[in-house]
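A.B. asks: Just dropping this structure here.
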Amino acid sequence: MALWTPDEVDPEFELTPMIDVVFLLIAFFMTLISFISADLIKLELPEAKQATIPEEPGERQYISIDASGQIYFGAVEISEEALTTRLSAIKEDQPTLKVFLRADSQTPHRYVNRVMEATAKAGIFDLIFASEKD
């Protein structure tokens, strides 16, 4: 029976699989934080009698607009110009980017139009509007 000797051990440690796992964890937590942070913005969503709730909204970027017209990217305040820039940058990395738009029921429609224009300028046309089922 042969005993183990230090000369038989490969001194190199392969970091590639560990780096892959770390990147996957980062992507997972960034997606999770996007969903959780959108809930931090308290809005009174409009009610819709004909509303349908999607089974799975999929991976979408949450954008919220409060009653005063302030825009939130996740839970962070953002201007219209910065929103277009940020969405364009993300769209380059994620060509199938979609948006989940939440607006308070008291939000003037002009602010919703401005966000819709910002998403269109960024090349994003797949939007879901949030509402409460009546």
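The values are calculated or read from the model by the stated rules, or taken from the named source; none is laboratory data. If you're wondering where the values come from, they're calculated on a predicted model, not measured in any experiment. Note that each Cβ is placed from the backbone with ideal geometry, even for glycine, and that neighbours are counted across all protein chains shown.
A.B. asks: Looking at the stretch 91-128, which of its residues are under 16 Å from Ala67 (Cα atoms), surrounded by 20 or more Cβ atoms within 10 Å (Cβ to Cβ) and of a type in the set (Ser, Thr, Tyr)?
C.D. replies: Within the stretch 91-128, Thr107 is the sole residue that qualifies.
A.B. asks: What do you reckon, is Ile78 at pLDDT 85 or above and surrounded by 10 or more Cβ atoms within 10 Å (Cβ to Cβ)?
C.D. replies: yes
A.B. asks: Is there a residue being within 25 Å of Leu32 (Cβ to Cβ) and of a type in the set (Phe, Trp, Tyr) anywhere in the stretch 87-101?
C.D. replies: Yes, the stretch 87-101 contains a residue that is within 25 Å of Leu32 (Cβ to Cβ) and of a type in the set (Phe, Trp, Tyr).
A.B. asks: Right, here's the next one. Which residue pairs have Cβ atoms closer than 8 Å, lie 6 or more positions apart in sequence or on different chains, and pair a first residue in the stretch 15-40 that is outside any helix (DSSP H, G or I) with a second residue that is surrounded by 10 or more Cβ atoms within 10 Å (Cβ to Cβ) and modelled with pLDDT under 85?
C.D. replies: Listed pairs, sorted by first residue: Leu40/Ala75.
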